[in-house]
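Single-structure report; data block below.
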Amino acid sequence: MAGQISFVKSLLLTSVFAICITLFFLGFALDNNTSVSIADDPNFNSTIEKALNNLSTYRIETINATESFYASEIQEGETVRTGGQFKLGPSTALSSTDNVLQQGFKSIFGEDSEFGFIFSTLIIFLSFMLGLYIWKTWKGGLPD
Amino acid sequence: MANLFDFPNLTGGFDNVFGQLAQQTILFPIMFLVFIFVVIFFSGTTSQIYRRGDADFPLWALVSFLTIDLIALLMTLSETQIINIQVLSICLGGTFLVAFWFFMSRGRFEN
């Protein structure tokens, strides 16, 4: 299976897609003055705001980490000592997808559903995968 | 003899018939959406299996969900309420989950 770059790309595309679809729904309801509008559901609005905040945080973290990466030098072995760009940023991408998926689950199963364990298991598994990818990339593998 | 449902009539015009129908049987628009989803999903995957031997299930699930999203949006245009906010949010939430599945599956279909 593909590596860290593909994984983070998937996470980012999920949240970007979800934000775009929700904005389209909101725009449609606003333009056509519909009787039923997704804006009446308060959860979707807050989810999109959180996802947008996550994405802007990810952007700031990535820029900061990349700049420090440019300024770094390799002191021992063939890898960056602190981990740098490989570690910072991807977990924020995961948070963005986390918010989007949580909204998806809540809209289908309800707020306090017992099926929430499915969602927690999925997020735990994604974090586990992300950790291993970061480790593999950091110790010298291909980030692809 | 009392009827189980009130039959729709053409007093309000042809487009009102569907609205009256939806008000009498609330499940009808939902079943219609599920029908569209199932037709697109199964026809797409089956024809792809015949052509290529393997079907891209996440892709077809996403295409089906996007189609019912648009049909649900069109249903919200009516003055007589055909679907309610729960159905719309389930369509949107389902699209989120299936989109996640789709983007995570891309590694398998790239060379």
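Things to note:
- Test result for B:Leu74, surrounded by fewer than 16 Cβ atoms within 10 Å (Cβ to Cβ), farther than 25 Å from A:Val36 by Cα and free of Cβ contacts under 8 Å to residues at least 24 places away in the same chain: no
- For the residues A:Thr22, A:Thr34, A:Thr62, the requirement of being among the hydroxyl-bearing types (Ser, Thr, Tyr) and modelled with pLDDT under 85 singles out A:Thr62.
- The sole residue among B:Ala55, B:Ala61 that is at pLDDT 95 or above and either outside any loop (DSSP other than H, G, I, E, B) or over 11 Å from the mean Cα position of the chain (by Cα) (or both) is B:Ala61.
- Filtering the range A:95-135 to residues that are under 18 Å from B:Trp101 (Cα atoms) and aliphatic (A, V, I, L, M) leaves A:Val100, A:Leu101, A:Ile108, A:Ile118, A:Leu122, A:Ile123, A:Ile124, A:Leu126, A:Met129, A:Leu130.
- Among the candidates B:Val38, B:Val17, B:Val34, the residue that is more than 15 Å from B:Phe65 (Cα to Cα), part of a helix (DSSP H, G or I) and aliphatic (A, V, I, L, M) is uniquely B:Val17.
- All positions within the range B:48-99 that are more than 11 Å from chain A (Cβ to nearest Cβ), out of contact with any Phe, Trp or Tyr (no Cβ under 7 Å at 6 or more places or on another chain) and over 27 Å from B:Thr25 (Cα atoms): B:Gln48, B:Ile49, B:Tyr50, B:Arg51, B:Arg52, B:Gly53, B:Asp54, B:Ala55, B:Phe57, B:Val63
The values are calculated or read from the model by the stated rules, or taken from the named source; none is laboratory data. What you see is a predicted model; the values in this text were computed from it and never measured. Here Cβ is always computed from backbone atoms with ideal geometry, including for glycine, and neighbour counts include all displayed protein chains.
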